[in-house]
Amino acid sequence: MAILAKLALTSAAGDLTSSAVSISTSTTLVKAGLATTIDNTSGLARTTTSAAAAGNIQAEILYRGDDATTNGANKVYLKNMSDTVTEYYTVHVDGEELGRLYSGDWAFFPWNAAAGTKASFTLTIAATWAAGDTWEFDGTTMTAANSTTSAIAAQIDGLNYSNWTTDHGTGESTVAFTARQSGGLTRSTAVTLDGTLNTAGNGTANITSGAAGTGKSESDISVRPSVHTAMSIEHMLFNQ
């Protein structure tokens, strides 16, 4: 089903101009350069922001450049749900201020979702492993169930890492790691482009095929509340 966006602006005579104003327009949201309708959304969500004190207020990232197609016909909807007229959210894209959404204000705007590239590397399990040997990365520990390198690789692939996704083929002794977000990995374990991560035993976990991420996501959408007490913002991403 097509997504239809509508906007209506009305003003009685004397409010804005000497005559009444009535502007109404609508469009079907389609993918960039195509007649195919946008069929992906983040779903309508609501985020509540708060901080211990005014000095602790931080911007809240709602969408990252990796969340949608770069230079696609992405659209973003935002609405300040506060009932207090003085409270507002400052909207930023890539750290650049777009403006403020005061109580009840909403916005609907296009988004290019430009992003950098994601870091990646390949981990190869080799040498002599033994059951009980461990491998630690990104705050996660793998304890080998046996000495088979392909089984150990499968164990590593089966774990969840905060900042990385993994890919592993059945029977292989390698695991491919890809960063979840582009650019820097400030919240992750540092990874060199080559070298060995030691284990509790004699087994090795060599890092090869490393590629450093280039540039942070260039168009993250974030909002910063004007007060540290609880405020809520409604939001939705339409992306191709």
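The values are calculated or read from the model by the stated rules, or taken from the named source; none is laboratory data. Source: prediction; values computed, not measured. All Cβ positions, glycine included, derive from the backbone under ideal geometry; neighbour counts span all protein chains shown.
Scanning segment 55-70 for residues that are surrounded by 11 or more Cβ atoms within 10 Å (Cβ to Cβ) and farther than 16 Å from ILE221 by Cα turns up just one, ILE57. When we screen THR117, THR141 for residues that are of a type outside the set (Asp, Glu), more than 30 Å from VAL227 (Cα to Cα) and under 19 Å from the mean Cα position of the chain (by Cα), the only hit is THR117.
Looking at segment 183-240 only, could you name the residues that are in a loop (DSSP other than H, G, I, E, B), at pLDDT 90 or above and aliphatic (A, V, I, L, M)? Lay out the reasoning, then the answer.
Quick first cut of segment 183-240, residues in a loop (DSSP other than H, G, I, E, B) only: 183-194, 197-203, 212-220, 226-230, 240.
Filter again for at pLDDT 90 or above, leaving 226-230.
Across segment 183-240, the qualifying residues are VAL227, ALA230.
Restricting segment 45-54 to residues that are surrounded by fewer than 17 Cβ atoms within 10 Å (Cβ to Cβ) and over 15 Å from the mean Cα position of the chain (by Cα), which is nearest to GLU234 (Cα to Cα)? So that I can check it myself, show each step before the final result.
Within segment 45-54, the first condition is being surrounded by fewer than 17 Cβ atoms within 10 Å (Cβ to Cβ), and the residues that meet it are 45-48, 50-54.
After this cut, where a residue has to be over 15 Å from the mean Cα position of the chain (by Cα) as well, the list is 46, 48, 50-54.
Numbers: ARG46: 4, THR48: 9, SER50: 15, ALA51: 18, ALA52: 22, ALA53: 23, ALA54: 22 Å.
The qualifying residue nearest to GLU234 (Cα to Cα) is ARG46.
Does THR70 satisfy the criteria of being out of contact with any Lys or Arg (no Cβ under 7 Å at 6 or more places or on another chain) and assigned to a strand (DSSP E or B)? No; evaluated as a whole, the condition is false for this residue.
Quick one: would you say SER42 is surrounded by 15 or more Cβ atoms within 10 Å (Cβ to Cβ) and over 23 Å from the mean Cα position of the chain (by Cα)?
No: the conditions fail for SER42.
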